[in-house]
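**Q** There's a structure below that I have some questions on.
The values are calculated or read from the model by the stated rules, or taken from the named source; none is laboratory data. What you see is a predicted model, and the numbers here were worked out from it, not measured in a lab. A quick note on method: Cβ atoms are made from the backbone with ideal geometry, for glycine too, and the neighbour counts reach across all protein chains shown.
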Amino acid sequence: LKDFENAVQEGFDNIELMKRFSTVGMGPSQGKHSNMNALRILARLIGKEPQQVGTTTARPFFHPVPMSLLGGRGFTPERRTPLHARHDALGAQWMPAGVWQRPEYYQVAGKGRNDCIQEEVAAVRNGVGIIDVGTLGKLEVIGPQAAAFLERVYISRYANLKIGMTRYAVMCDESGVVIDDGVVGRLAEDHFYFTTTTSGAAAIYQELSRLNTMWQLDCGIVNHTGAFAAVNLAGPKSREVLTTLTDADLSAAAFPYLALREASVAGIPARLMRVGFVGEWGYEIHVPANQGAALWDALMQAGAGHGIRPFGVEAQRLLRLEKGHIIISQDTDGLTNPFDVGLDWALKMDKPFFVGQRSLRVIARQPRKQKLVGFVLDQDFTGTAPQECHLVIHQGEMAGRVTSIAFSAAVGRTIGMAFVAPELAEVGNPISIRLSDGSQVRATVVRTPFYDPENLKQKEAV
């Protein structure tokens, strides 16, 4: 009421002016609860009838919405990769991934969901598998200051990246929070090709464009997300399959781990990256979108004799969990910094500048609040397994949460990752995880990766 009285005394005695002076009606209800009372109070203060005061401008959705509109079809944005029809024909069970539709797993007649996923995992670990990764953001930065641009937006160093090689890339915001990751490859001195997460592709491109406009560096950014199809061919037999389709030298000496090559695959111009999110020898193959289906068909045909099998998102998540690789927004949240998830090795704090550097300098001096650790359930565990987001309990108090968990046939136990209080993060420490019914399950903190800790599966002696 004091605000209303002050408004009238200052000459803001029109309802629209009083609204702006006092901010009445600017809350979540947009005046639906307060406006009529405000009208009556103003009328009393200026000696008029309420109907003489008038009303403020109605804000959406003040006007009634016809039921016919509410009863109509919902239009949720949805994107599909060039391989969508191929997945459908193979029995893909679909799941949303951002605005994209991706195969969760491939249904096999007479088998349940979990059996299908475990068989897909086994195919990758023991033979060869193929997954559509065309949903990843695919960007290029070109120009004399392309390397300088990447030095500013990612926490690692890229000015010294050799032509024909790739490097893991982590992006933070101004507060030092991890917001995206991917792989940066150098095609030429002034030409880089890099990927982003599926869910972050559009936002990251928009942010990079904003930063480039602000910094005015001599480089340009191109979004190729929809222009390229991409697959990951992975497994011990992946090189045997790819060798039959390309004349590129795939030996470890000519095409080492983390290398990037431009070559022809099944007669299609392609960019090949020797990266390994799933922890096996593999190749990420990027081709023009209109050649994506032809590439898939050629790889499936070439791999038929090796038992090639398509695998979906759930198998990929289990495979990367076995390697201890994080997924942004699953194993991180809106407060996670690189120190929390063990990415401080990627930080190059001696660079002149990168986004988030100033905040990370402050964070580095502060005590850790949480740490992402790997854990395993007891060997003889047979009950209900915890789920993602179940709480870690210590001395009756919440001390963390599970971010990823699954049964691993390769490890022979249920494995997972969880944020825990720093005092619980030592290898060998027991932790308790509370289930939805209130009971608790015992687990033990272990080193990651759970599978192939020496990374021998992705490398070989030259």
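**Q** Name the residue, out of Arg86, Arg73, that is within 28 Å of Gly200 (Cβ to Cβ) and not aromatic (Phe, Trp, Tyr).
**A** Arg86
**Q** Looking only at residues that are closer than 20 Å to Thr225 by Cβ and acidic (Asp, Glu) in the stretch 259-304, which one is surrounded by the most Cβ atoms within 10 Å (Cβ to Cβ)?
**A** For the stretch 259-304, the residue satisfying everything is Glu284.
**Q** If Val362 satisfies every condition in (1) at pLDDT 95 or above; (2) in a helix (DSSP H, G or I); (3) buried (at least 16 other Cβ atoms within 10 Å of the Cβ) but one, which is the exception?
**A** (3)
**Q** Hey, another quick one. Mind listing just one residue for me: the one in the stretch 1-23 that is part of a loop (DSSP other than H, G, I, E, B) and under 13 Å from Arg40 (Cα atoms) and, of those, farthest from the chain's Cα centre (by Cα)?
**A** Looking at residues that are part of a loop (DSSP other than H, G, I, E, B) and under 13 Å from Arg40 (Cα atoms), I get Asp13.
**Q** Right, something else. Name the residues in the stretch 54-95 that are β-branched (Val, Ile, Thr) and either modelled with pLDDT of 75 or more or within 30 Å of Gly292 (Cα to Cα) (or both), would you?
**A** If the condition is that a residue be β-branched (Val, Ile, Thr) and either modelled with pLDDT of 75 or more or within 30 Å of Gly292 (Cα to Cα) (or both), then Thr55, Thr56, Thr76, Thr81 are the ones that fit.
**Q** If you don't mind, there's one more thing I want to ask. Which condition from (1) touching a residue at least 24 places away in the same chain (Cβ under 8 Å); (2) touching a Lys or Arg at 6+ places or on another chain (Cβ under 6 Å) is the one that Gln101 breaks?
**A** The failed condition is (1).
**Q** Within the stretch 132-147, identify whether any single residue is touching a residue at least 12 places away in the same chain (Cβ under 8 Å), outside any loop (DSSP other than H, G, I, E, B) and within 22 Å of Asp88 (Cβ to Cβ), and answer yes or no. Don't jump to the end; show me each part of the working.
**A** Initially, the stretch 132-147 is screened for residues touching a residue at least 12 places away in the same chain (Cβ under 8 Å), giving 132-147.
Adding the requirement that they be outside any loop (DSSP other than H, G, I, E, B) leaves 132, 137-142, 146-147.
Within this subset, residues satisfying the condition of being within 22 Å of Asp88 (Cβ to Cβ) are 132.
Yes, the stretch 132-147 has at least one match.
Residues are listed down the side, and each one gets a yes or a no for (1) under 24 Å from the mean Cα position of the chain (by Cα); (2) of a type in the set (A, V, I, L, M, F, W, C):
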{"site": "Gly412", "(1), (2)": "no, no"}
{"site": "Val427", "(1), (2)": "no, yes"}
{"site": "Pro430", "(1), (2)": "no, no"}
{"site": "Arg447", "(1), (2)": "yes, no"}
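**Q** Can you pull out every residue in the stretch 202-216 that is farther than 30 Å from Leu319 by Cα and crowded, with 17+ Cβ neighbours inside 10 Å?
**A** Within the stretch 202-216, Glu207, Leu208, Asn212 meet the criteria.
**Q** Specify which of the listed residues (Glu284, Glu280, Glu322) is acidic (Asp, Glu), touching a residue at least 60 places away in the same chain (Cβ under 8 Å) and farther than 27 Å from Asp249 by Cβ.
**A** Residue meeting the stated conditions: Glu322.
**Q** Also, I was wondering about something else. Report yes if some residue within the stretch 244-266 is within 22 Å of the chain's Cα centre (by Cα), in a strand (DSSP E or B) and either among the aliphatic types (A, V, I, L, M) or over 29 Å from Lys323 (Cα atoms) (or both); otherwise report no.
**A** no
**Q** How many residues does the stretch 365-390 contain that are closer than 21 Å to Gln440 by Cα, assigned to a loop (DSSP other than H, G, I, E, B) and over 24 Å from the mean Cα position of the chain (by Cα)?
**A** Going through the stretch 365-390 one residue at a time, the tally reaches 8.
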